[in-house]
Number of protein chains: 2
Amino acid sequence: MAEDTARTAESEQLEGSGQLEGAERQPPAGRDAEAVGQFVERFAARLVEAGLPRMPSRIFAALLASDSGSLTSAELGEQLRISPAAVSGAVRYLSQQHMVSRERDPGSRRERYRVHSDQWYEALANRDTVMKHWEAALRDGVHSLGATTPAGIRLAETLAFFEFVETEMPGLLSRWRIRREELFGEGPRG
Amino acid sequence: MAEDTARTAESEQLEGSGQLEGAERQPPAGRDAEAVGQFVERFAARLVEAGLPRMPSRIFAALLASDSGSLTSAELGEQLRISPAAVSGAVRYLSQQHMVSRERDPGSRRERYRVHSDQWYEALANRDTVMKHWEAALRDGVHSLGATTPAGIRLAETLAFFEFVETEMPGLLSRWRIRREELFGEGPRG
DNA sequence: CGCGGCATTCACAAATTTGTGAAGTTAAGG
DNA sequence: CCTTAACTTCACAAATTTGTGAATGCCGCG
């Protein structure tokens with residue numbers, strides 16, 4: 001996989017928000033570019049294991065690790081050392097999965113991709129559409145195999161489970177929001 | 001692909017229990033081999049979309065669609081028209097994910113692979129180990145990026161969400177069991 | 001109104017993954 | 001103790017997927 005990753009990494013534009021360095025900009029590149037990179041790698045690996053394609057995983061992880069929660073295509077490309085095409089493709093994928101949203105900086109036409117703090121696990125829970133597909137397939141199966149056959153019954157049961165989970169989701173999320181409030185006060189950024 | 005596989009196939013033990021159709025029953029082989037196959041295809045497709053490899057998906061779907069909830073390697077190979085090697089590999093994968101369990105028929109050394117009615121969605125919920133890995137990665141990230149940086153905070157929040165979900169799981173599952181009882185009486189098979 | 005920069009799309013090349021055939025291993029049955 | 005039938009492992013071939021380079025389209029700015 002030739003991952004001898006170049007070292008210098010002048011990725012200082014990684015900073016986006018109040019990064020009052022001021023002090024000797026001498027310290028290691030960017031902020032802990034090293035540490036950031038490592039985290040991105042690791043977390044992306046988890047996502048890959050979970051079934052997400054490689055590039056989308058890396059990009060998502062990078063966004064998650066960025067201070068502003070958003071990066072432009074160029075920044076992503078540079079940080080991850082991938083071509084604009086790769087960024088484009090991966091970002092399209094993530095948009096379709098509702099895992100990132102695209103914004104437009106008023107001035108330039110650099111597009112920003114962002115993870116809303118909440119959005120992403122809500123998306124994770126919100127597999128609504130996906131769920132629906134599964135349920136459709138299962139319903140179909142119940143019908144095909146016969147609702148009274150053992151297999152049909154098993155399928156019906158599985159279907160019921162999906163429906164049950166769907167039912168539970170709203171409550172779970174609202175409990176989460178409460179807990180989140182407890183832990184973090186009101187959320188800092190959107 | 002060489003499909004010269006013997007078709008003689010005494011796979012009648014596929015049936016397990018009462019076959020009480022009534023309406024126009026299609027005499028063709030097995031039961032509705034046609035319909036079964038179609039369901040297996042479709043459901044497997046969903047699983048693939050969800051990130052599961054192809055063969056494991058097909059095998060899992062086939063097991064789900066079988067009346068007894070269990071099939072032998074040979075049966076799987078024949079029904080899906082794949083080689084024993086493919087069955088072996090896929091089944092190993094599924095075992096590792098705890099999506100099937102292996103049994104041993106006392107007499108012959110044909111191995112049976114089975115989906116417990118519950119087991120599989122419990123496994124789906126029980127991504128314990130997986131969860132732990134994610135949490136570890138996140139914890140690591142919080143530390144690397146600094147617990148007070150915006151990115152670090154976002155990560156901590158995500159971590160909290162995972163922990164929260166883990167907390168909720170037991171309750172959710174037990175509510176499910178109750179509901180399951182309501183809907184299906186006491187579960188038929190284990 | 002035209003220029004300059006960005007992002008997207010297309011087609012291809014490379015790399016990873018997938019599934020098969022054949023040999024290897026273990027265990028039942030004569 | 002040997003034969004036989006299964007499952008597993010190994011190495012390879014094929015097919016799908018992945019990421020890049022180059023060309024195209026867009027939009028804001030001068």
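Every read-out reported here was derived from the displayed coordinates using simple, explicitly stated rules and does not represent laboratory data. Quick caveat: nothing in here was measured; it's all calculated off a predicted structure. We place every Cβ from the backbone using ideal geometry, glycine too, and count neighbours over all the protein chains shown.
The phi-based Karplus calculation (6.51 cos²θ - 1.76 cosθ + 1.60; θ = phi - 60°) puts the 3J(HN,Hα) values of segment A:45-52 at 4, 4, 5, 4, 4, 7, x, 7 Hz, whole numbers, x for Gly and Pro.
Altogether, the Stokes-Einstein calculation at 4 °C and 1.567 mPa s, with the Kirkwood radius of segment A:127-184 over Cα pairs as Rh, returns a diffusion coefficient of 101 µm²/s.
Other chains near B:142-153: what is the mean number of their Cβ atoms within 10 Å of each residue's Cβ? Show your work: numbers first, answer last.
Numbers: counts 1, 2, 10, 9, 4, 0, 0, 6, 11, 12, 2, 6.
What the average comes to for B:142-153 is 5.
Classify segment A:38-112 from the C-alpha gyration tensor, please: rounded if a/c falls under 1.5, else prolate or oblate depending on whether a/b exceeds b/c. Each step should come with its number before you reach the end.
On the way: a/c = 1.71, a/b = 1.54, b/c = 1.12.
Here segment A:38-112 falls in the prolate category.
With label points defined 7 Å past Cα in the direction of Cβ, position residue B:185 shows copy-to-copy spacings of 5.8 nm, given to one decimal and shortest first.
Across the identical copies, the label point of residue A:68 (7 Å from Cα in the Cβ direction) is separated from its matches by 6.2 nm, in order from shortest.
Karplus-based coupling profile of segment A:59-75, in residue order and whole Hz: 5, 4, 4, 4, 4, 4, 8, 7, 5, 7, x, 8, 9, 8, 3, 4, 4, with θ = phi - 60° in 6.51 cos²θ - 1.76 cosθ + 1.60 and x standing for Gly or Pro. Position residue A:166: other-copy label points at 3.0 nm, ordered by increasing distance, label point 7 Å along Cα→C-beta. Close amide H contacts of residue A:111 (hydrogens built in the peptide plane, cut-off under 5 Å, sequence separation of 5 or more or a different chain): A:73.
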